[in-house]
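Chemist: Dumping the structure here so I can ask a few things about it.
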Amino acid sequence: MIGAGRNEVALSGVEIENLAWRMDEEVSDLQSFDIGLYPIVRDEWSEGKSGFKAIQYLAIGIPYVATPVGACAEIGEPGLTHFAAQSGDEWYAALAHLLSDGARRARMGEAARRHSLAHYTLPVQTQKLARALRQAQLT
């Protein structure tokens with residue numbers, strides 16, 4: 001776990017490594033993951049989140065499981081780059097698939113990386129911003 005904001009994080013039956021967030025270590029910390037987790041509480045604040053953690057998982061090239069809330073529901077391709085899960089049963093099933101099938105994890109990670117390169121690089125985002133500014137100028 002990275003950047004939990006707490007010194008101690010405990011979950012019964014789960015060994016947790018709790019790292020402080022550090023900008024200079026963020027990429028290498030994320031690269032140490034096999035699976036990304038992005039549980040999100042459904043509330044007004046979460047609906048406005050950017051989904052950046054999902055984009056980070058895509059860029060690192062790891063599959064992830066996320067609650068499809070706000071922008072996070074539109075990031076990646078469920079079943080190809082990640083799994084979307086809302087209920088406890090859906091989270092369990094998604095994690096069971098990823099934990100039991102290393103080849104699928106690798107395929108999903110590769111698809112995640114390809115997706116990030118196609119949708120979230122600086123040149124792609126520059127084109128999107130330029131289009132938005134041109135459209136705003138026309139109105």
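Chemist: Restrict the check to the range 72-92 and report whether at least one residue is open to solvent by less than 50 Å² (accessible area, probe 1.4 Å), modelled with pLDDT under 95 and in contact with a Lys or Arg (Cβ under 8 Å, 6 or more places away or on another chain).
Modeler: Within the range 72-92, one or more residues are open to solvent by less than 50 Å² (accessible area, probe 1.4 Å), modelled with pLDDT under 95 and in contact with a Lys or Arg (Cβ under 8 Å, 6 or more places away or on another chain).
Chemist: Look at the range 33-64 and say how many of its residues are hydrophobic (A, V, I, L, M, F, W, C), free of Cβ contacts under 8 Å to residues at least 60 places away in the same chain and over 16 Å from residue 106 (Cβ atoms).
Modeler: From the range 33-64, those hydrophobic (A, V, I, L, M, F, W, C) are 33, 35, 37, 40-41, 45, 52, 54-55, 58-60, 62; that's our starting set.
From what is left, the residues that are free of Cβ contacts under 8 Å to residues at least 60 places away in the same chain are 33, 37, 40-41, 45, 52, 54, 60, 62.
Subset that is over 16 Å from residue 106 (Cβ atoms): 37, 40-41, 45, 52, 54.
The total comes to 6.
Chemist: Determine whether the range 121-131 contains at least one residue that is part of a helix (DSSP H, G or I), under 22 Å from residue 61 (Cβ atoms) and open to solvent by less than 60 Å² (accessible area, probe 1.4 Å).
Modeler: Yes, there is a match, as at least one residue in the range 121-131 is part of a helix (DSSP H, G or I), under 22 Å from residue 61 (Cβ atoms) and open to solvent by less than 60 Å² (accessible area, probe 1.4 Å).
Chemist: Just to verify a result, which residue in the range 81-113, among those that are in a helix (DSSP H, G or I) and aromatic (Phe, Trp, Tyr), is nearest to residue 66 (Cα to Cα)? Show your work before the answer.
Modeler: Let us first name the residues in the range 81-113 that are in a helix (DSSP H, G or I), namely 88-100, 102-113.
Okay, now just the ones that are also aromatic (Phe, Trp, Tyr), so 91-92.
Working: 91: 8, 92: 12 Å.
Only one residue fits best here, namely 91.
Chemist: Which is of a type in the set (Gly, Ala, Ser), modelled with pLDDT of 95 or more and at positive phi, of 51, 61, 36? Spell out how you get there, then give the answer.
Modeler: Values: 51 fails: modelled with pLDDT of 95 or more; 36 fails: at positive phi.
Step by step, each of 51, 61, 36 is checked, and only 61 is of a type in the set (Gly, Ala, Ser), modelled with pLDDT of 95 or more and at positive phi.
Chemist: Scan the range 80-139 for residues that are closer than 25 Å to residue 41 by Cα and hydroxyl-bearing (Ser, Thr, Tyr) and jot them down.
Modeler: Hits for the range 80-139 are 81, 87, 92, 116, 120.
The values are calculated or read from the model by the stated rules, or taken from the named source; none is laboratory data. Everything numeric here is computed off the predicted structure, so don't read it as measured data. No Cβ is skipped: glycine too gets one built from the backbone with ideal geometry, and neighbour counts run over all protein chains shown. Keep in mind that these areas ignore ligands, DNA and RNA; they rest on the heavy atoms of the full protein, side chains included. Shrake-Rupley method; radii C 1.70, N 1.55, O 1.52, S 1.80 Å.
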